[in-house]
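None of the figures in this text is laboratory data; all of them are computed from the coordinates on show. Worth saying up front: this structure is predicted, and the values here are computed from it rather than measured. A quick note on method: Cβ atoms are made from the backbone with ideal geometry, for glycine too, and the neighbour counts reach across all protein chains shown.
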Amino acid sequence: MQRTTKSLVLQTATIDLAKAELLSLESLGTLLHAIVPTGWPPGEYDRSAQEFFLERLQQKSERDTGWYSWYALHQQGDSRTLVGAGGFLGPPGDQGLVEIGFSIHHEWHGRGLATEMAAELVAFAFEDDRVRGVVGNTTRDNVASCKVFTHLGFIETEPGSDTHTVRFMLSRQSAPD
């Protein structure tokens, strides 16, 4: 599944893509038809996160498509570059909540791409009637992520598991149209 924004093509991860990402970035680039920048993966989207998503993808049903990782590709002419990754920790739970996460490669910081990617992922989430809210967790030190959440209308709801962690939430009722 793909979704397109002003600057990005968002591609859902598949088992083949997730395996390639763990085994060979060259293979990942070939499968995505994109340049994979040196230093991939970005930020908190580390090997542990990649393994988590691969495991979930291997267990998913057709209804779970889109509820795990997505790749953010920047298209410029005939060239595509993998610039970020984002997605959800899984489909909506009993309370109708999904948890979002996103990370942009450092070479692409400061261009609004995290906000653009997160906005499209939020739009995807609210297309599902089961979703009552989208939550995101970050640290206070991650000023960029806090700004993305605030810009998209998320409200800080409570501290996280420690004093540096904050939880943001966007409910269906307060989501921008």
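Observations on the model:
- Per-residue [θ]222 nm for the chain (sum of -39500 (n - 2.57) over DSSP H runs n ≥ 4, rounded to 500): -9000 deg cm²/dmol
- Loop-located GluC sites (Glu not before Pro) in segment 96-141 (DSSP state not H, G, I, E or B) with no more than 10 neighbouring Cβ atoms inside 10 Å: Glu127.
- Evaluated at q = 0.20 Å⁻¹, a Debye calculation over the C-alpha positions of segment 2-174 (equal weights, vacuum) places log10 I(q)/I(0) at -1.47.
- Inter-label distance, Arg111 to Leu25: 1.7 nm, where each label sits 7 Å from its Cα along the C-beta direction.
- Shape of segment 1-85, Cα gyration tensor, a/c cut at 1.5: oblate
- The alpha-carbon of Lys19 sits under 27 angstrom from the alpha-carbons of these lysines, leaving out residues fewer than 8 places away in its chain: Lys60.
- Charge tally in the Cβ shell below 10 Å around Val134, where Lys, Arg are +1 and Asp, Glu are -1, Val134 excluded: +1
- With neighbour counts taken as other beta-carbon atoms within 10 Å, the residues Val98, Val143 rank, fewest first, as Val143, Val98.
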